[in-house]
Amino acid sequence: DAGITQSPRHKVTETGTPVTLRCHQTENHRYMYWYRQDPGHGLRLIHYSYGVKDTDKGEVSDGYSVSRSKTEDFLLTLESATSSQTSVYFCAISSEWGAGGTDTQYFGPGTRLTVL
Amino acid sequence: TQLLEQSPQFLSIQEGENLTVYCNSSSVFSSLQWYRQEPGEGPVLLVTVVTGGEVKKLKRLTFQFGDARKDSSLHITAAQPGDTGLYLCAGAKGATNKLIFGTGTLLAVQP
């Protein structure tokens, strides 16, 4: 298994509070991704990173920010959580880019976030 | 906008039956991947298909990429309870590794 951990694994918070989710990898992979998974939508890309301090937006980036100060850590922050951000969040890593999707993305175990 | 539609959404079958899951789009993809996800875990890659018309087999699982690279199918022969899970297709467009995931097919194989 790829060395990917996510913390916390479960979190319940209230609307309007800031929340930070952490993804940590031990594989030294260059690329890291944050997805959210909701019933009927599959996985949707929030943000991704192609190197330290290099990040870009995905499909559903509104209300989220990310930071990557070290190769091994990719943080996802909800500045002011809303109920619509209740979801399961997955981090993924990969070692290649521009390979037309032939590279493998390895996923972490997920964080279940509930915003009340 | 959901570019990849999977069907069926849910499938409950008996052990030993065969099944096919479809992944359809109006867009062309440079490659398509299939993942399986078990409860409480992240998706795990099963296969990547790249060439139009390509067929790949993984034990009892057969994957096919459509000739026009707009659709794919996953066929399971003699399903077993261990095949239970959420099956996701994911397409890559152009020369990037940004994946667009399908809506998923939840498969339950009853012993």
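So the values come out like this:
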item	result
Residues (more than 21 Å from A:L45 (Cβ to Cβ) and assigned to a loop (DSSP other than H, G, I, E, B)) located in segment B:66-95	B:G66, B:D67, B:A68, B:T77, B:A78, B:A79, B:Q80, B:T84
Neighbours by Cβ (under 7 Å, 6+ apart or cross-chain): first from segment A:28-44, within 15 Å of A:T104 (Cα to Cα); second outside any strand (DSSP E or B) and modelled with pLDDT of 90 or more	A:N28/A:T71
Considering residues of segment A:66-97 that are within 10 Å of the chain's Cα centre (by Cα) and among the hydroxyl-bearing types (S, T, Y) only, the residue nearest to A:G3 (Cα to Cα)	A:Y89
Residues satisfying the stated conditions in segment B:53-69, i.e. open to solvent by less than 70 Å² (accessible area, probe 1.4 Å) and closer than 19 Å to B:V28 by Cβ	B:G53, B:E54, B:F63, B:F65, B:G66, B:A68
Residue satisfying all of: in segment A:11-53; at the interface with chain B (Cβ under 9 Å from one of its Cβ atoms) and in a loop (DSSP other than H, G, I, E, B); most open to solvent (accessible area, probe 1.4 Å) among these	A:P39
Only listed residue being assigned to a loop (DSSP other than H, G, I, E, B), free of Cβ contacts under 8 Å to residues at least 12 places away in the same chain, farther than 16 Å from A:E27 by Cα and not basic (K, R), chosen from A:D62, A:D56	A:D62
Residue list for segment B:70-81, filter: within 28 Å of A:T111 (Cα to Cα) and either polar (S, T, N, Q) or open to solvent by 60 Å² or more (accessible area, probe 1.4 Å) (or both)	none
Residue that is nearest to the other protein chains (Cβ to nearest Cβ) [pool: residues in segment A:65-116 that are touching a residue at least 60 places away in the same chain (Cβ under 8 Å), surrounded by fewer than 16 Cβ atoms within 10 Å (Cβ to Cβ) and over 29 Å from B:L46 (Cβ atoms)]	A:T114
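Results for (1) in contact with a helix residue (DSSP H, G or I) (Cβ under 6 Å, 6 or more places away or on another chain); (2) farther than 13 Å from B:S31 by Cα; (3) more than 14 Å from every other protein chain (Cβ to nearest Cβ), shown as yes or no for each residue.
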{"position": "B:S72", "(1), (2), (3)": "no, no, no"}
{"position": "B:T77", "(1), (2), (3)": "no, yes, yes"}
{"position": "B:P81", "(1), (2), (3)": "no, yes, yes"}
{"position": "B:T84", "(1), (2), (3)": "no, yes, yes"}
{"position": "B:L88", "(1), (2), (3)": "no, yes, no"}
{"position": "B:L99", "(1), (2), (3)": "no, no, no"}
{"position": "B:G104", "(1), (2), (3)": "no, yes, no"}
{"position": "B:A108", "(1), (2), (3)": "no, yes, yes"}
{"position": "B:P111", "(1), (2), (3)": "yes, yes, yes"}
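Here's the yes/no breakdown for (1) more than 16 Å from the chain's Cα centre (by Cα); (2) hydroxyl-bearing (S, T, Y); (3) surrounded by fewer than 16 Cβ atoms within 10 Å (Cβ to Cβ); (4) more than 16 Å from A:H41 (Cβ to Cβ):
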{"site": "B:Q9", "(1), (2), (3), (4)": "no, no, yes, no"}
{"site": "B:L19", "(1), (2), (3), (4)": "no, no, no, yes"}
{"site": "B:F29", "(1), (2), (3), (4)": "no, no, no, yes"}
{"site": "B:L32", "(1), (2), (3), (4)": "no, no, no, yes"}
{"site": "B:Q37", "(1), (2), (3), (4)": "no, no, no, no"}
{"site": "B:P43", "(1), (2), (3), (4)": "no, no, no, no"}
{"site": "B:T48", "(1), (2), (3), (4)": "no, yes, no, yes"}
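The values are calculated or read from the model by the stated rules, or taken from the named source; none is laboratory data. Bear in mind the structure is a predicted one, so any value in this text is a computation, not a measurement. FYI the Cβ positions are ideal-geometry reconstructions off the backbone, even for glycines, and counts take in every protein chain you see. Quick note on the areas: whole protein, heavy atoms, side chains included, nothing else; ligands and nucleic acids left out. Shrake-Rupley method; radii C 1.70, N 1.55, O 1.52, S 1.80 Å.
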